[in-house]
Amino acid sequence: MAKKRILVLCIDRDNDLYEKVKISGPVVGKQANIEAATKLILKDPEEADANTIFEAVNIYDSISKENNAEVVTITGDRSLGYFADREMTKQLDMVLRHFRADSCILVSDGASDEQVIPIIQSRMKIDSVKLVVIKQAKELEKTYFVLLEKLKEPHYARIIWGIPALIILMLIISEFLGFGWKLAGVAIGLYFLIMAAGFEENIIRAFSGFHFSVEKISFILYLSALPLLIISLVLGYQEFLTRVAETPETLKLSAYVLLKMLLILPWAVELLILGRILDLLHERKKYAVVKYGLYAISVFILWAVFTVASEWVIATVYFSDFVATLIGGMIATFISIRIMEWMKMRLLTSMKLESKEVLTELGAYIGKIVGVDKRKNLIIVQTPFGHRLDFDFDRISDVGERVMIK
C-alpha cells in the first residue's frame, strides 16, 4: 500500500524569517528548517516563529516513518493582509508543484496565521491544525494577536488610524477656511461612499504602480509634477480669499476655486501618468501602457467636463453647453475604451504567451499557457494536474514574466 503524502506546513505570515535573518520562503526540508529556526531564535530568543518551525520539524519526525512526509515553512509579507496572503499562495503553489501532497498538517503560532486556512483548504485537505502558544493562555494570546495583527494590516490601519486622522485634518482645514465641520463631513462622507462601492482597493492599487526612485526615468517627471500640484492648490486658495467676500453662495465659490485649480492640476496629473508610461516602456511592459494611456485621456475628458460645469455654475456658459460637453465626454470615453481594447487585443496576439505561468490577481498559481486561440481570443492553460482551461483575453489584467488574470 502506497504511503500517504503529508505536508507539514509551517506558517510565517509576517515574514519574520526574511525581516530578521534574511531567509526567503519557502524553506523546504528538515535540515533547512532547523537551520532557519536556529538562526531566527539566536537573533531573537523571544521569536515565536522559531518555536513553531521546531514544532513542525518535531511533527515531521513523528509521522515520517509511516508516511511520505515533507516539512515546509512558507512566508508572507510584513504588511500582512492581501500582500502576505498573495505571497504565501505563490509559495504554496510552488511547493505543491514539486510535492503533490494528499493532505497537510498546519503548524501556526497564533490566530493571525489561521486566516490563511481557507487558502490552504482550497488546494488540499487539512488533517490537523497545531497552534504553538509560548507561555501564554491560548485565548488571551489569540485575542492579543488578532488585535495586534489587524492594526498592522493596511486595510484596518486605514480605518482605525486613517479616518480619525482625516477627520482631524479636515476639521482644521475647514475651520481655517471658515466652513466649520461641513468640509470635513463631505470628505468623510465621500470616503465612506468609496469604501461602500468597493473602489478603495482599486484606487490604492492604481496608485501603488507609481514608484519613486532616482534610478528611474520617471523621477524628473514625478519631481516636476510636485510643484505643479502645489501651485494649483495655492491658486485655488488665493481665488478663495479673493472671492469669499463677494460670493456668499458656497456652490459658486467652489466653482471659482475649482476653475482656478484646473488651470494647472490636470497637467500635474498628466506628468505623473507620463512618468509611469515611460517606466513601463523601459520595463518592456507594453500591455500595461494601454491602461495608463486610457487614464491620460480620461484626465482631459474630466478636465473638460468639470471646467464647463464650473463655468455653468458661475453663469458664463449655458446649461446646454454643459450637457453637450457631458455627452461629448461620454462619447469620447466610449471610443477611447474601444480603441484601447482593440490595442490590447493586437498586443496580446503579437506576444509570445506560450509557456508563461498564469496566476490570479491574488497570486494563486493556475498553470502554464500551452496555446493561444487568436481566432476566438482565448489562452489555453494547463494546470499542474493536467487539466486544460480556456480564458478570454478580456480576463488578462497584466502581462510580464507571468500572466495575471482577473
Among the residues listed as K3, K39, the single one being of a type in the set (D, E, K, R) and either outside the structural domain of K130 (by TED's automatic domain parsing) or assigned to a loop (DSSP other than H, G, I, E, B) (or both): K3
Filter the range 374-406 down to residues that are closer than 20 Å to W342 by Cβ, touching a strand residue (DSSP E or B) at 6+ places or on another chain (Cβ under 9 Å) and not in a strand (DSSP E or B), then give me how many there are. 5
Just to be sure, is I59 under 19 Å from I117 (Cα atoms), assigned by TED's automatic domain parsing to the domain that holds T89 and in a strand (DSSP E or B)? no
Residue by residue through the range 73-113, note down the ones that are part of a loop (DSSP other than H, G, I, E, B) and crowded, with 18+ Cβ neighbours inside 10 Å. G76, D77, L80, A101, D109, G110, A111, S112
Given (1) surrounded by 23 or more Cβ atoms within 10 Å (Cβ to Cβ); (2) in contact (Cβ under 8 Å) with a residue 60 or more places away in the chain, index of the condition V28 fails: (1)
Can you go through T52, T75 and tell me which one is of a type in the set (S, T, N, Q) and closer than 26 Å to M404 by Cβ? T75
Could you check, for the range 290-308, whether at least one of its residues is more than 29 Å from the chain's Cα centre (by Cα), without any contact (Cβ under 8 Å) to a residue 24 or more places away in the chain and outside the structural domain of T89 (by TED's automatic domain parsing)? yes
With a cut-off of at least 3 residues that are among the aliphatic types (A, V, I, L, M) and loosely packed, with under 13 Cβ neighbours inside 10 Å, name the helices (runs of 4 or more DSSP H) lying wholly within the range 238-355. 319-350
Kindly indicate which of F207, F176 is modelled with pLDDT under 70 and at negative phi. F207
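Quick grid of which residues meet (1) at pLDDT 85 or above; (2) in contact with a helix residue (DSSP H, G or I) (Cβ under 6 Å, 6 or more places away or on another chain); (3) in the same structural domain as T325 (by TED's automatic domain parsing); (4) more than 30 Å from E401 (Cα to Cα):
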| position | (1), (2), (3), (4) |
| --- | --- |
| L223 | yes, no, yes, no |
| L226 | yes, no, yes, yes |
| F240 | no, yes, yes, yes |
| V244 | no, no, yes, yes |
| T247 | no, yes, yes, yes |
| Y256 | yes, yes, yes, yes |
| L265 | yes, yes, yes, yes |
Applying the selection to the range 46-75, what residues are among the small types (G, A, S) and at pLDDT 85 or above? A50, A56, S62, A69
Please state which of the following conditions A309 fails to meet, knowing it meets all the rest: (1) within 20 Å of L259 (Cα to Cα); (2) in contact with a Pro (Cβ under 8 Å, 6 or more places away or on another chain). (2)
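The values are calculated or read from the model by the stated rules, or taken from the named source; none is laboratory data. Here the structure is a predicted model, which is why all the values come from computation and not from measurement. Cβ atoms come from the backbone with ideal geometry, glycine included; neighbour counts cover every protein chain shown.
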